[in-house]
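What follows is a set of notes on a single structure, which appears directly below.
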Amino acid sequence: MNNLINIIKNKNKKILFTPGPSSLAQDHILGLSPGFGRNDKEYLNTERKVLKKIKSFSKKENIAVFQGSGSMAIEIMISNFLHGKILVLESGHYSDRLLNISNYYKNSHKKIKKKNKK
């Protein structure tokens, strides 16, 4: 058990971002690079720098920060930033999800077309 604690301490160099309040169990840490969560000082400093850059290039004073899945990010992007014609190239699971979500928001888009792989 002492050896396991030493392994965890050595791996705890805070390289892996783990958003959310969840913690990592000892068994799960063994195969991972070190991690840190959103209340960690290094995480907060990194987040602050990233948000500052986003504000700078977007020319916005306020931005909303969300935690969620990649699918949530796709839906936010589609519902807020895609307008007019949308071409979805078939490339697997996420292109199918992109098409499904786009079809849901079809009222705000003029035309949605799926281009199949050859």
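Could you tell me whether region 45-60 includes any residue that is modelled with pLDDT of 70 or more and at positive phi?
yes
Only one of these is modelled with pLDDT under 85, within 26 Å of K117 (Cβ to Cβ), surrounded by 13 or more Cβ atoms within 10 Å (Cβ to Cβ) and assigned by TED's automatic domain parsing to the domain that holds K117: I101, I86. Name it.
Of the residues listed, the single one that is modelled with pLDDT under 85, within 26 Å of K117 (Cβ to Cβ), surrounded by 13 or more Cβ atoms within 10 Å (Cβ to Cβ) and assigned by TED's automatic domain parsing to the domain that holds K117 is I86.
Might you check whether a residue that is surrounded by 11 or more Cβ atoms within 10 Å (Cβ to Cβ) and at pLDDT 85 or above occurs anywhere in region 24-44?
Scanning region 24-44, I find at least one residue that is surrounded by 11 or more Cβ atoms within 10 Å (Cβ to Cβ) and at pLDDT 85 or above, so the answer is yes.
Of the residues in region 60-79, how many are out of contact with any Pro (no Cβ under 8 Å at 6 or more places or on another chain) and surrounded by fewer than 11 Cβ atoms within 10 Å (Cβ to Cβ)?
9
Quickly run through region 38-82 and pick out the residues that are in a helix (DSSP H, G or I), among the hydroxyl-bearing types (S, T, Y) and closer than 30 Å to D96 by Cα.
Passing the criteria: S58, S71, S79.
The values are calculated or read from the model by the stated rules, or taken from the named source; none is laboratory data. Owing to the predicted nature of the structure, the values given are computational and were not obtained by experimental measurement. All Cβ positions, even for glycine, are placed from backbone atoms using ideal geometry, and neighbour counts span all protein chains on display.
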